[in-house]
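Encoded as structure tokens, the structure appears first; notes follow it.
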Amino acid sequence: MREMLQDRRVTLLRGSALSVFRAERTVLSGINISVAEGEIVTVIGPNGSGKSTLLRTLLGMLVPQSGTVSRQDGLIVGYLPQRLALDPTMPLSVGRFLNLPQRKPKVERAAALARVGLQGFERRAMTALSGGEFQRALLARALLVKPQLLMLDEPTQGLDQKGAAAFYQLIESVRQDTGCAVLMVSHDLHVVMAASDRVVCLAAGQVCCEGTPEDVASAPAYRQLFGEGPDGALALYRHHHADPIRHLPQPS
């Protein structure tokens, strides 16, 4: 029954046979990946395995040398970059940041901040935010476009384990409340199980294993990459959804 329900999901984004070459080096080779409505897909892999390049290629920021990227017509994407450098001398408040590049109604800005736990932060300087608060401000800005798909590039980089876990819990609650799908690159192996429906593991620019977190955790290729100890094994917690399928309104 679960497989039948998954088959009914609309595919929002698909990369087929993607290959990317940069500086005379193969970064991605023959990658196939898809994201369906309402699911969380996490891409993991060692440093240099091509995770961020894959995300940027799916976003259209990089053009693959071969392969195709297809998106559902009218797909609305919210994006959280791996890094965002702000000029510390620029007096940019959270409210002004949320208005970039297009001004949003105050009530929508307030609702987005409340959604990510930053109520009352509109006048706070972006440079005065903690690491976790900064990432939540980025998420609030992404949510203002009412995305059908959130794409996140290592969103918890620089956060401690507690902060990372709290951020992933926030992503899960956003998915539950809005029905948006999530595709994220992560290095936090200890929370992948709790945060994902499917895991895609890259090694040397290729998919070495993929499937449910349980399937990936037991795959020989994964264990060869990350080991079987507490630092390598995926967490044993598995989240459950009361309503795993949330159909989004089709774009006009």
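The values are calculated or read from the model by the stated rules, or taken from the named source; none is laboratory data. Keep in mind that this is a model prediction, so the values were computed, not measured. Counting neighbours? That spans all protein chains shown, and the Cβs are built from the backbone with ideal geometry, glycine included. Remember, those area values only see protein heavy atoms, side chains included, never the ligands or the DNA or RNA. Shrake-Rupley method; radii C 1.70, N 1.55, O 1.52, S 1.80 Å.
Within segment 163-188, restricting attention to residues that are crowded, with 20+ Cβ neighbours inside 10 Å and of a type in the set (A, V, I, L, M), which residue is modelled with the lowest pLDDT? Explain how you work it out, then say what you get.
Initial filter on segment 163-188 (crowded, with 20+ Cβ neighbours inside 10 Å): 164, 167-168, 171, 174-175, 180-186, 188.
Keeping just the survivors that are of a type in the set (A, V, I, L, M) gives 164, 171, 174, 181-185.
Numbers: ALA164: 85, ILE171: 91, VAL174: 92, ALA181: 97, VAL182: 96, LEU183: 97, MET184: 94, VAL185: 93.
Checked segment 163-188; the qualifying residue modelled with the lowest pLDDT is ALA164.
Condition (residue is among the polar types (S, T, N, Q) and touching a Lys or Arg at 6+ places or on another chain (Cβ under 9 Å)) applied to segment 196-215: is it met by at least one residue? Yes.
Would you mind stating whether VAL20 is buried (at least 16 other Cβ atoms within 10 Å of the Cβ), farther than 21 Å from GLU172 by Cα and touching a Phe, Trp or Tyr at 6+ places or on another chain (Cβ under 7 Å)?
Numbers: buried (at least 16 other Cβ atoms within 10 Å of the Cβ): yes; farther than 21 Å from GLU172 by Cα: yes; touching a Phe, Trp or Tyr at 6+ places or on another chain (Cβ under 7 Å): no.
Considered against the rule, which asks whether it is buried (at least 16 other Cβ atoms within 10 Å of the Cβ), farther than 21 Å from GLU172 by Cα and touching a Phe, Trp or Tyr at 6+ places or on another chain (Cβ under 7 Å), VAL20 comes out as no.
Summed over segment 102-143, the residues that are part of a loop (DSSP other than H, G, I, E, B) and under 16 Å from ILE171 (Cβ atoms) give a count of 3. Condition check: in a helix (DSSP H, G or I) and β-branched (Val, Ile, Thr). Does THR57 satisfy that? For THR57, the condition - in a helix (DSSP H, G or I) and β-branched (Val, Ile, Thr) - is met.
Restricting to segment 194-216, count the residues that are outside any loop (DSSP other than H, G, I, E, B) and either in contact with a Ser or Thr (Cβ under 7 Å, 6 or more places away or on another chain) or open to solvent by less than 10 Å² (accessible area, probe 1.4 Å) (or both).
Going residue by residue through segment 194-216, those that are outside any loop (DSSP other than H, G, I, E, B) are 194-195, 198-203, 206-211, 213-216.
Then keep just the ones that are either in contact with a Ser or Thr (Cβ under 7 Å, 6 or more places away or on another chain) or open to solvent by less than 10 Å² (accessible area, probe 1.4 Å) (or both); that gives 195, 198-203, 206, 213, 216.
Of the residues in segment 194-216, 10 are outside any loop (DSSP other than H, G, I, E, B) and either in contact with a Ser or Thr (Cβ under 7 Å, 6 or more places away or on another chain) or open to solvent by less than 10 Å² (accessible area, probe 1.4 Å) (or both).
For segment 90-124, the tally of residues that are among the β-branched types (Val, Ile, Thr) and without any contact (Cβ under 8 Å) to a residue 24 or more places away in the chain stands at 1.
Annotation note: of THR89, THR57, THR68, the sole residue that is open to solvent by less than 30 Å² (accessible area, probe 1.4 Å) and not small (Gly, Ala, Ser) is THR57. Of the numbered conditions (1) of a type outside the set (S, T, N, Q); (2) under 17 Å from SER186 (Cβ atoms); (3) surrounded by 13 or more Cβ atoms within 10 Å (Cβ to Cβ), VAL77 fails exactly one; give the number of that condition. With respect to (1) of a type outside the set (S, T, N, Q); (2) under 17 Å from SER186 (Cβ atoms); (3) surrounded by 13 or more Cβ atoms within 10 Å (Cβ to Cβ), VAL77 is out only on (2). Within segment 28-54, can you find the residues that are in contact with a helix residue (DSSP H, G or I) (Cβ under 9 Å, 6 or more places away or on another chain) and either surrounded by fewer than 19 Cβ atoms within 10 Å (Cβ to Cβ) or in a strand (DSSP E or B) (or both)? Within segment 28-54, LEU28, ILE31, ILE33, VAL35, ALA36, ILE40, THR42, VAL43, ILE44, PRO46 meet the criteria.
Pull up segment 135-162, narrow it to residues that are buried (at least 16 other Cβ atoms within 10 Å of the Cβ) and free of Cβ contacts under 8 Å to residues at least 40 places away in the same chain, then point me to the one that is farthest from VAL200 (Cα to Cα). Result: ARG136.
Does segment 77-97 contain at least one residue that is of a type in the set (A, V, I, L, M, F, W, C), in contact with a Lys or Arg (Cβ under 9 Å, 6 or more places away or on another chain) and in a strand (DSSP E or B)? Explain how you work it out, then say what you get.
Filtering segment 77-97 for residues of a type in the set (A, V, I, L, M, F, W, C) gives 77, 80, 84-86, 90, 92, 94, 97.
Okay, now just the ones that are also in contact with a Lys or Arg (Cβ under 9 Å, 6 or more places away or on another chain), so 77, 80, 94, 97.
Okay, now just the ones that are also in a strand (DSSP E or B), so 77, 80.
Within segment 77-97, one or more residues are of a type in the set (A, V, I, L, M, F, W, C), in contact with a Lys or Arg (Cβ under 9 Å, 6 or more places away or on another chain) and in a strand (DSSP E or B).
Residues in segment 72-90: is at least one farther than 25 Å from ARG141 by Cβ and in contact with a strand residue (DSSP E or B) (Cβ under 8 Å, 6 or more places away or on another chain)? Looking for residues that are farther than 25 Å from ARG141 by Cβ and in contact with a strand residue (DSSP E or B) (Cβ under 8 Å, 6 or more places away or on another chain), one finds none in segment 72-90, hence no.
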